Amino acid sequence: MWFKQLSFFRLDENFAIDSDKLTDALVARPFQRCSGLEWFSEGWVAPAGHLDSPLFSQRGYAMLSLRREDKVLPSGVIRDHLDSKVSQIEAEELRKVGRKEKLALKEQITDDLLPRAFTRSSRTTAYLDRQRGWLMVDSGTASKAENLVSQLREALPPFPAALPRTALSPHAAMTDWLASGEAPAGFELDAECELKDGSENGAVVRCTRIDLTAEEIRQHIATGKQVTRVGLIWRERIRFVLTDQLQLKRLQFLDVLQEEASQAGDDMASLFEATFLLMAEELGELVEELVAALGGLEDSQQAAPVATPVAAMPAAAAAGDSDVPWD
């Protein structure tokens, strides 16, 4: 349940998301296994095994999951089959196989092998934080996170979500933090970082299990290197590595949060709901404070969706009834 990585996107304040519409849009694009000649397939699935719907909504948050299946057909296997076929033709017909014929044979062999290829399955999970105006994606890989956004746009166009733009660039802010030996309020420096020389083919210095306030770190910065990754701990609750692409890698929810979640109940449904809500609240606050530490969002992204006060919600919604629209 706990996210391992985090990429986050800003939601447009003028785009109202209705849970029923979103559910219908995801149901219309379900995951299906790869057919014979498909290299991959992807579609929406329930975020957890005990759920039936592809959208799990609770208290202004909505979780969804995109599953992908890829055929695994190594190029070496195709090459071996091709070499064997070419050798057979040349031995039987006493002629050389030309380039065009080899390409045609390669396509034919690929088509023959693809239906029998092994498959590899993966999924990318995300949730919408309507109150704060974020789409949170459990991925530290830009292409995977952006693919999930693209799939949401196809399912429910236009679905306006964009990468956040902060007043201070992450690498400049991180460099300042290490130069001063102090993290912003609410955060503390952990024990790893990466520094890069901005010149072409410049040096890269990776430090692990080291005091980031040490003089040697400041010496690297004095020579012109900039920080591209830094380990941080937020309010003694979450440990992570911040990158210059504003991604949070190697998220670790510390013991205090693990204990809070474990007290929610023994059955799978109760644990899942409690963990999800706890994680969503904590990550929401972390991202808000991190963005503030980077000077806030640029003017074009400043306005956030207005949260509906819990007291003003229908009673079922305030109680976390997943059947109540949350827009």
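Full extension of the chain between Lys4 and Arg218 gives 74.0 nm of extra length, using 0.36 nm per residue less the Cα-Cα distance. Heavy atoms of the protein chains alone define the surface here; on that basis segment 127-238 has 47 Å² accessible area per residue at 1.4 Å probe size.
Please state the Cα pair-distance histogram of the chain with 10 angstrom bins from zero: what percent is in each bin? Reading the bins upward from 0: 5, 21, 25, 21, 15, 9, 4, 1, 0. Note on segment 99-130 and segment 55-94: Cα centroid distance 3 Å, given to the nearest whole angstrom. Rounded, prolate or oblate for segment 197-309? Axes are the square roots of the Cα gyration tensor eigenvalues, ordered a ≥ b ≥ c, and the cut-off for rounded is a/c under 1.5. Judged from the Cα gyration tensor, segment 197-309 comes out oblate (a/c at least 1.5, b/c at or above a/b). Residue ranges 159-165, 198-204, 75-81 sort as 159-165, 75-81, 198-204 when ordered by packing (mean number of other C-beta atoms within 10 Å per residue, highest first). Put simply, the convex hull of the Cα atoms in segment 49-94 casts, on average, a shadow of 6.0 nm². Working note: 222 nm ellipticity from helices only, DSSP H runs with n ≥ 4, each -39,500 (n - 2.57), summed and divided by the residues of the chain, gives -11000 deg cm²/dmol to the nearest 500.
Using r as the Cβ-Cβ distance of Asn201 and Arg250, and R0 as 25 Å, what FRET efficiency do you calculate, to the nearest 0.05? The formula returns an efficiency of 0.35 here. Ligands, DNA and RNA left out, the 1.4 Å accessible surface of the chain is 48% carbon and sulfur atoms.
With R₀ set to 22 Å, the beta-carbon distance separating Ser87 from Gln108 gives a calculated FRET efficiency near 0.90.
Pull out a ≥ b ≥ c, the square roots of the eigenvalues of the alpha-carbon gyration tensor of segment 148-269, then state rounded if a/c is under 1.5, prolate if not and a/b is larger than b/c, and oblate in the remaining case. Judged from the Cα gyration tensor, segment 148-269 comes out oblate (a/c at least 1.5, b/c at or above a/b). For the chain, the share of DSSP beta bridges that are antiparallel, to the nearest 5, is 100%. The alpha carbon radius of gyration of segment 238-279, expressed as a multiple of 2.2 N^0.38 Å, is 1.41.
Take each peptide in 14-21, 234-241, count the other Cβ atoms within 10 Å of every residue, and average; sorted highest first, the result is 234-241, 14-21.
The Asp267 and Arg95 beta-carbon pair, evaluated with R₀ = 51 Å, returns a calculated FRET efficiency of approximately 0.15.
The values are calculated or read from the model by the stated rules, or taken from the named source; none is laboratory data. As the structure is a prediction and not an experimental result, all values here were calculated from the model. Quick reminder, even Gly has a Cβ in these numbers, built from the backbone with ideal geometry, and neighbours come from all protein chains shown. Side chains are part of the model used for accessible areas, which takes the heavy atoms of the whole protein and leaves out ligands, DNA and RNA. Shrake-Rupley method; radii C 1.70, N 1.55, O 1.52, S 1.80 Å.
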